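This is the structure I want to talk about, given as structure tokens.
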Amino acid sequence: MSSKIKVMIVDDHDMVRMGLKTYLMLDPAFEVIAEAGDGMEALQALEAREASMLPDLILMDLMMPVMNGAEATAAILARFPGLKIVILTSFLEDELVVQAVEAGAVSYVLKTVSAEELIYALQGAYRGMPVMTGDVAQALTRGLRQRSMQGSDSGLTDREKEVLMLIAEGKSNKDIGEELHISIKTVKTHVSNLLMKCELEDRTQLAIYAHRQGWVSKS
């Protein structure tokens, strides 16, 4: 590699930024050229720089005051579309993963990854290659599925949609009741309502319906 990958670290914890900077500076492929304690500070710092002094990629925390990682990612990419952003966070909530990806983050990485995995993610992002661990990919799938369900015109309640998804996964009434903490009688009521609302005849057709709606991962 002829030149170093220039990195900006955005995290509201000083010790985290210091640790990441220390580690990256030990790798000859990287150079940390900027830091920020929140998304707004990062955006302002970037706007104050000349184009030739911009980082190649940003290592962005997700949960920060003033402007969080997803909001910052969207704002920064609107102003500097050529930058690559990697979300590095402790949070794996489905909706947060979706928000970060929708904002334009190349990769979403948990802070529990190894040093080698982080370097791999950064190098991949620099080349425009998304890198996500299995857990993150599953969270993204679940989040997108939930978005699809919420935007559906099926007329189903949130609880009915939950029951339908579990039926599609092959769960029995007993399993569904235990997972949702409801009685088997209540599960049967939801199943009956699903059959009526979806105008279907049995659980198999309900499962097929859920898959066709794209509410269930094919993996």
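The values are calculated or read from the model by the stated rules, or taken from the named source; none is laboratory data. Computed from a predicted model, the values in this text were never measured in an experiment. Because the Cβ atoms are built from the backbone with ideal geometry, glycine has one as well, and the counts that use them run over all protein chains shown. Accessible surface areas use protein heavy atoms only, side chains included; no ligands, DNA or RNA. Shrake-Rupley method; radii C 1.70, N 1.55, O 1.52, S 1.80 Å.
Label points 7 Å out from Cα along the Cβ direction at Asp135 and Ser90: separation in nm?
1.3 nm
Go through segment 158-219 and name the GluC sites (Glu not before Pro) that are in a DSSP coil and have 10 or fewer other Cβ atoms within 10 Å of their Cβ.
Filter output for segment 158-219: Glu199, Glu201.
Let me ask another. Please give the helix 158-168 orientation as an angle from the longest Cα principal axis of the chain, in degrees from 0 to 90, rounded to the nearest 10.
For helix 158-168, the angle is close to 80 degrees.
Here is a further query. Taking 0.36 nm per residue of sequence separation and subtracting the Cα-Cα distance, how much length would be gained by fully extending the chain between Arg127 and Leu195, in nm to one decimal?
Roughly 19.6 nm would be gained on extension.
A follow-up question, please. Please compute the length gained on full extension between Glu31 and Ala48, using 0.36 nm multiplied by the number of residues separating them and subtracting their Cα-Cα distance.
So the extension gain works out to 4.2 nm.
Would you mind calculating the gained length between Glu178 and Arg212 on full extension (0.36 nm times residue separation, minus the Cα-Cα distance), in nm to one decimal?
9.6 nm
A further question follows. Quick one: helix 134-150 against the long Cα principal axis of the chain, what's the angle to the nearest 10°, folded into 0 to 90?
Taking Cα atoms only, the helix is inclined about 50 degrees.
Normalised by the residues of segment 8-64, what does the relative contact order come to in percent, with Cα pairs under 8 Å and at least six apart?
Computed over segment 8-64, the figure is 48 percent.
What whole-number value in Å² describes the accessible area per residue of the chain for a 1.4 Å probe?
Using a 1.4 Å probe on heavy atoms only, each residue of the chain averages 52 Å².
Taking all protein chains in place and a 1.4 Å probe, what share, in percent, of the accessible surface of the chain do carbon and sulfur account for?
The C+S portion of the solvent-accessible surface of the chain is 53 percent.
Next question. With everything on Cα atoms, drop me the angle between helix 69-79 and the longest principal axis of the chain, reported from 0 to 90° to the nearest 10.
60 degrees
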